[in-house]
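Trainee: Have a look at this one before I ask anything.
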Amino acid sequence: MNILVVEDDAELAQLLAQGLREEAYTVNIARDGAAALEISLATSFDMVLLDVMLPGISGLEVARQLRCRKEEVGVLMLTARDTLPDVVHGLDAGADDYLTKPFSFQELLARVRSLGRRSKPKVKNVIELGDLILETNSFRTFRAGCEIRLSFTEFRLLELLVRNQGRVVPRSAIVEALWGDRRQIEVNTIDAFVRLVRRKIGDIAPQRVIQTHRGLGYSVGVANCA
């Protein structure tokens, strides 16, 4: 399950992220409301752990905007305010559950598991990575506002890597995603498609979007091992 932790207290955010990762969850962190809304446009989350008191855009407003987008994501509010009006405001804004600080990590995990059973991840029709935009319903790609012509296989390769941002995608997983169980696909076929995509999107060193991990696969957002 992919979780977004929205918390302006850096120490608490890191503690929550570390604990959740140890429970095998994938975790991203946003330190304010604006960052939370921006990253949620580019990445599908199953759940958002949302502090109410955030600098700039409040947690309540973040929840409202997520619901205005019709995001199908579980929202667990984290707050020091526990009066009935505060709880009502949070639920009215779109929260699914409410946890008052300080709380035990075990209680948080129980709430996360409970929400996870009810939440359904929403697949984005638009994926954004910096100035790179992928429209997954029309298979169109844009960079810096200019459309890039990718073949269907090239698009699916780029989409696979961007959707798995922060992870190394093994070559075997790429073959399975793009060609199914066709074992006759050669390693250099994958390399050739990566070269084509890099050339078309203007992906040049040293600031490459797609990173090579020799003997492993490819990634977006993981330090280059080549």
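Trainee: Just the number, please: carbon plus sulfur as a percent of the accessible area of the chain, 1.4 Å probe, no ligands or DNA/RNA counted.
Mentor: 52 percent
Trainee: First obtain the Kirkwood hydrodynamic radius of the stretch 1-67 from its Cα pairs, then insert it into the Stokes-Einstein equation at 10 °C and 1.306 mPa s, and state the resulting D in µm² per second as a whole number.
Mentor: After rounding, the answer is 136 µm²/s.
Trainee: Suppose each label sits 7 Å from its Cα in the direction of the beta carbon; what would the Glu61-Leu216 distance come out to in nanometres?
Mentor: With each label point 7 Å from Cα toward Cβ, the separation is 4.0 nm.
Trainee: Can you give me the long-range amide H partners of Met77? Hydrogens built in the peptide plane at 1.01 Å from N, cutoff under 5 Å, separation of 5 or more residues or another chain.
Mentor: Long-range HN contacts for Met77: Leu50, Asp96, Asp97, Tyr98, Leu99.
Trainee: List the chymotrypsin sites (Phe, Trp or Tyr not before Pro) in the stretch 1-106 that DSSP assigns to loop (not H, G, I, E or B) and whose Cβ has at most 13 other Cβ atoms within 10 Å. Which are they? Walk me through the numbers before you get to the answer.
Mentor: Details: sites: Tyr25, Phe45, Tyr98, Phe103, Phe105; in loops: Tyr25, Phe45, Phe103.
Those that pass, being in a loop and sparsely packed, are Phe103.
Trainee: On full extension of the chain, what length is gained from Glu11 through Arg167, given 0.36 nm per residue of separation minus the C-alpha to C-alpha distance? Intermediate results must be reported in sequence, preceding the final value.
Mentor: On the way: separation 156, 0.36 × 156 = 56.16 nm, distance 2.40 nm.
Result: 53.8 nm gained on full extension.
Trainee: I need the phi-derived Karplus couplings for the stretch 58-65: 6.51 cos²θ - 1.76 cosθ + 1.60, θ = phi - 60°, integer Hz, Gly and Pro marked x.
Mentor: 6, x, 4, 5, 4, 4, 4, 5
Trainee: Still on this model: Name the residues of the stretch 38-66 whose amide N is less than 20 Å from a point 7 angstrom out from the Cα of Leu91 along the C-beta direction?
Mentor: Residues 48-53, 59-66 qualify, since their backbone N sits under 20 Å from the label point.
Trainee: Counting heavy atoms of the protein chains only and a 1.4 Å probe, report the per residue accessible area for the chain as a whole number of Å².
Mentor: Counting only protein heavy atoms, the per-residue value for the chain is 52 Å².
Trainee: Here's something else I'd like to know. Computed over the Cα atoms of the chain, what is the ratio Rg over Rh, Rh following Kirkwood? List each step's numbers first, then the result.
Mentor: Values: Rg = 19.6 Å, Rh = 19.1 Å.
Across the chain, the Cα-based Rg/Rh ratio is 1.02.
Trainee: Here is a further query. From the residues Val88, Thr43, Phe152, which one has its Cα farthest along the dipole of the chain in the positive direction, the dipole being from +1 and -1 charges on Cβ of Lys/Arg and Asp/Glu about the Cα centre?
Mentor: Farthest along the dipole direction, towards plus: Phe152.
Trainee: Next up: Out of residues 5 or more away from Thr136 or on other chains, whose amide H comes under 5 Å of its own, with H placed 1.01 Å from N in the peptide plane?
Mentor: So Thr136 has HN proximity to Val126, Ile127.
Trainee: Whose amide H sits under 5 Å from the amide H of Ile148, counting only residues 5 or more places off or on another chain, with H placed in the peptide plane?
Mentor: It is Thr141, Phe142, Arg143, by chain and number.
The values are calculated or read from the model by the stated rules, or taken from the named source; none is laboratory data. From a predicted model like this one, the values you see are computed outputs, not experimental measurements. Here the Cβ is made from the backbone with ideal geometry for all residues, glycine too, and neighbour counts use every protein chain on show. The protein model used for the area step is the full one, side chains on, heavy atoms only, and it has no ligands, DNA or RNA in it. Shrake-Rupley method; radii C 1.70, N 1.55, O 1.52, S 1.80 Å.
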